[in-house]
1. Could you count how many residues in the range 93-111 are outside any helix (DSSP H, G or I), buried (at least 24 other Cβ atoms within 10 Å of the Cβ) and either of a type in the set (Gly, Ala, Ser) or at pLDDT below 95 (or both)?
2. If I ask for residues that are touching a Leu at 6+ places or on another chain (Cβ under 8 Å) and either of a type in the set (Ser, Thr, Tyr) or surrounded by 24 or more Cβ atoms within 10 Å (Cβ to Cβ) (or both), which ones from the range 197-207 would you list?
3. In the range 135-144, what residues are part of a helix (DSSP H, G or I) and not acidic (Asp, Glu)?
4. Any chance you could count how many residues in the range 167-196 are free of Cβ contacts under 8 Å to residues at least 40 places away in the same chain, open to solvent by less than 10 Å² (accessible area, probe 1.4 Å) and either closer than 15 Å to LEU141 by Cα or hydroxyl-bearing (Ser, Thr, Tyr) (or both)?
5. Kindly evaluate SER214 against the criterion of being among the polar types (S, T, N, Q), open to solvent by 10 Å² or more (accessible area, probe 1.4 Å) and in contact (Cβ under 8 Å) with a residue 12 or more places away in the chain.
6. Give ALA132, ALA92, ALA98 a once-over and let me know the one that is in contact with a Leu (Cβ under 9 Å, 6 or more places away or on another chain) and over 25 Å from LEU210 (Cα atoms).
7. Filter the range 272-326 for residues that are among the charged types (D, E, K, R) and either in contact with a Cys (Cβ under 7 Å, 6 or more places away or on another chain) or under 22 Å from GLY110 (Cβ atoms) (or both) and give the result.
8. Inspect all residues belonging to the range 145-166 and state whether any of them is buried (at least 22 other Cβ atoms within 10 Å of the Cβ), on the phi > 0 side of the Ramachandran plot and not in a loop (DSSP other than H, G, I, E, B).
Amino acid sequence: MSAAHIAGEAGRAGGVSSTGQRSGGSGGSSPAGSGRGGAPEACPRRAGQPGGSGGSSPRASRVSVAFEKAAAGGRAALVGYLPAGFPSVAGAAEAAVAIAQAGADVIEIGLPYSDPLMDGPVIQEATQRALAGGTHVTDVLRTVETVAAAGVPTLVMTYWNPVDHYGVAAFARDLAAVGGAGLITPDLPPEEAADWLEASEACGLDRVFLVAPSSSDARIARITADCRGFVYAASLMGTTGARDSVGAAAAGLVSRVREATSLPVAVGLGVRDGVQAAEVAAFADGVIVGSAFVQRLLAAPDPGAGLDSVRDLAAELAAGVRAPAR
């Protein structure tokens with residue numbers, strides 16, 4: 001199933017199950033309390049953040065602030081993705097922090113899932129290794145805590161089934177408790193997101209939905225109305241020979257999204273190097289890179305080499321989004 005189908009004409013994708021895999025989350029294993037076991041406590045108010053529900057002011061979006069700072073500098077934001085648990089739980093957190101320190105403005109931490117719909121083979125291999133290593137949803141939350149503590153806004157990218165299994169309100173509470181900024185939900189259409197919209201509002205979390213070139217203008221308007229933080233524009237870069245035509249489609253999608261919302265628009269998937277990052281940065285507010293980082297870790301002979309490699313790539317990409325092409 002393509003990313004365009006997932007994000008485009010929205011019906012929630014069927015046939016996805018986390019049965020038998022450990023990333024679903026449950027019960028008292030959550031770091032901030034219980035998962036499905038009973039009603040979750042209210043979202044915590046973290047130091048330095050205005051808090052939550054009940055008539056108080058909502059938290060400012062740290063992700064939006066990161067995009068605003070990048071725009072003020074005349075450049076696009078760099079968004080880096082890594083799955084939790086690969087090459088290990090600690091290794092994933094260390095690599096994500098290295099990417100942030102080398103120039104990424106926002107970090108996405110993937111929740112490993114047994115039945116991915118839009119992940120390519122590189123990310124699938126890494127997430128399957130993470131699952132085989134026993135990565136649990138609590139490990140995802142602890143990874144977010146480590147990365148967020150380094151000072152970079154940190155989102156979780158996840159298919160919806162694990163969140164639903166964990167308990168939507170409980171997941172929102174626990175994500176807020178560890179300093180997470182929100183969720184990117186590739187297979188959740190806004191029409192089926194009532195519980196998440198309510199929980200994210202209460203906890204001051206961003207909610208990032210996907211649009212695609214196949215999305216109609218009316219669909220884009222519907223999706224972006226419920227986004228907060230940024231809008232994820234899914235558009236494959238493809239092979240080098242096909243890059244120009246695919247890039248034109250992505251630029252057109254960004255233009256259409258901007259007609260519907262003032263939120264920043266970030267483009268994924270498929271950017272591999274600084275040249276492509278500069279190309280996308282010329283028309284988008286953000287450049288999302290995932291598979292290229294994961295491939296560096298997969299190809300590394302040892303964890304130290306993997307860290308050096310993702311750090312080098314992040315620096316190259318950060319230079320790309322700063323290229324004078326905007």
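1. Total meeting the criteria: 2.
2. At the first step, the residues of the range 197-207 found to be touching a Leu at 6+ places or on another chain (Cβ under 8 Å) are 199-200, 203, 205-207.
Selection gives ALA199, SER200, CYS203, LEU205.
3. VAL137, THR138, VAL140, LEU141, ARG142, THR143, VAL144
4. Number of matching residues: 4.
5. On the way: among the polar types (S, T, N, Q): yes; open to solvent by 10 Å² or more (accessible area, probe 1.4 Å): yes; in contact (Cβ under 8 Å) with a residue 12 or more places away in the chain: yes.
Against the criterion (among the polar types (S, T, N, Q), open to solvent by 10 Å² or more (accessible area, probe 1.4 Å) and in contact (Cβ under 8 Å) with a residue 12 or more places away in the chain), SER214 qualifies.
6. Step by step, each of ALA132, ALA92, ALA98 is checked, and only ALA98 is in contact with a Leu (Cβ under 9 Å, 6 or more places away or on another chain) and over 25 Å from LEU210 (Cα atoms).
7. Of everything in the range 272-326, those that are among the charged types (D, E, K, R) and either in contact with a Cys (Cβ under 7 Å, 6 or more places away or on another chain) or under 22 Å from GLY110 (Cβ atoms) (or both) turn out to be ARG272, ASP273, ASP285, ARG296, ASP308, ARG311, ASP312, GLU316.
8. Scanning the range 145-166 turns up no residue that is buried (at least 22 other Cβ atoms within 10 Å of the Cβ), on the phi > 0 side of the Ramachandran plot and not in a loop (DSSP other than H, G, I, E, B).
The values are calculated or read from the model by the stated rules, or taken from the named source; none is laboratory data. As the structure is a prediction and not an experimental result, all values here were calculated from the model. Note that each Cβ is placed from the backbone with ideal geometry, even for glycine, and that neighbours are counted across all protein chains shown. Surface accessibility is based on the protein's heavy atoms, side chains included, excluding ligands, DNA and RNA. Shrake-Rupley method; radii C 1.70, N 1.55, O 1.52, S 1.80 Å.
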